[in-house]
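What follows is calculated from the coordinates using simple rules that are stated; it is not laboratory data. In this text the structure is predicted, and so the values were computed from the model without any measurement. Neighbour counts run over all protein chains shown; Cβ positions are idealised from the backbone, glycine included.
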Amino acid sequence: MPQTIELNASLRTELGTGASRRLRQPGEKLPGIIYGGEDAPQPVTLSANELTKAMQQEAFLSQIVKVRVDGTEQQALVRDLQLHPVNDKVLHVDFLRVDADRPIQTNVPLHFVNEDKCVGVRTGGGSIAHNLVDVEVSCLPKDLPEFLEVDLAALEMGHALHLSDLDLPEGVALVALGYGEDHDIPVVSVQAPRGGAAQAEEEEAPAEPEPSAGD
């Protein structure tokens with residue numbers, strides 16, 4: 001079951017760049033906004049400390065967040081984090097409301113398992129190359145997975161797992177595959193050791209005869 005992430009917020013009445021700067025100065029609060037759906041956008045104030053703790057969870061950017069605005073709960077996805085260019089502290093956060101009856105599109109992380117048992121690594125000495133770390137999915141909010149698991153145990157040297165090879169939960173689709181087969185890109189592959197092929201060819205090539213004294 002995906003972990004539940006909850007945040008508390010209050011409506012923000014003072015708007016504008018100056019007001020946001022004053023709000024952030026003590027380091028305890030930061031501004032945000034909740035938008036989307038049929039309700040009007042709501043400028044909000046959040047606890048900087050509470051948001052920092054929530055961001056430590058891998059699922060923060062991909063899972064539905066319960067935001068309580070003055071006690072009224074709303075479900076939303078994090079759509080944007082504005083960070084300070086020097087210290088990476090959050091300056092502003094955008095939330096997109098979700099409707100239980102409407103599909104959402106968001107990125108979920110990939111968890112690669114059995115890398116130590118991968119056939120291409122154990123028997124061929126290959127190396128694993130990760131082409132993607134997350135994928136964009138489409139589903140109803142209730143079906144949103146916390147992550148997708150990618151099993152590498154049977155992956156052989158020179159082979160790759162593509163988007164179409166991923167095991168998806170019921171009700172979940174990959175957005176990229178909706179654009180056609182040419183978007184079925186590799187997710188992970190096992191590559192031969194660098195120089196391995198050339199070295200093997202040299203070892204298999206017959207030795208050239210040594211020149212005779214009369215040559």
Work out the FRET efficiency for I128 and N87 from their Cβ-Cβ distance, taking R0 = 25 Å, and round it to the nearest 0.05. 0.15
What does the net charge come to around F112 if you take all other residues with beta carbon closer than 9 Å to its beta carbon, with K and R at +1 and D and E at -1? -3
What FRET efficiency comes out for L11 versus H162 if R0 is 45 angstrom and r is the Cβ-Cβ distance? Round to the nearest 0.05. 0.45
Can you tell me how the range 65-109 classifies by the Cα gyration tensor, rounded, prolate or oblate, using a/c under 1.5 as the rounded cut? oblate
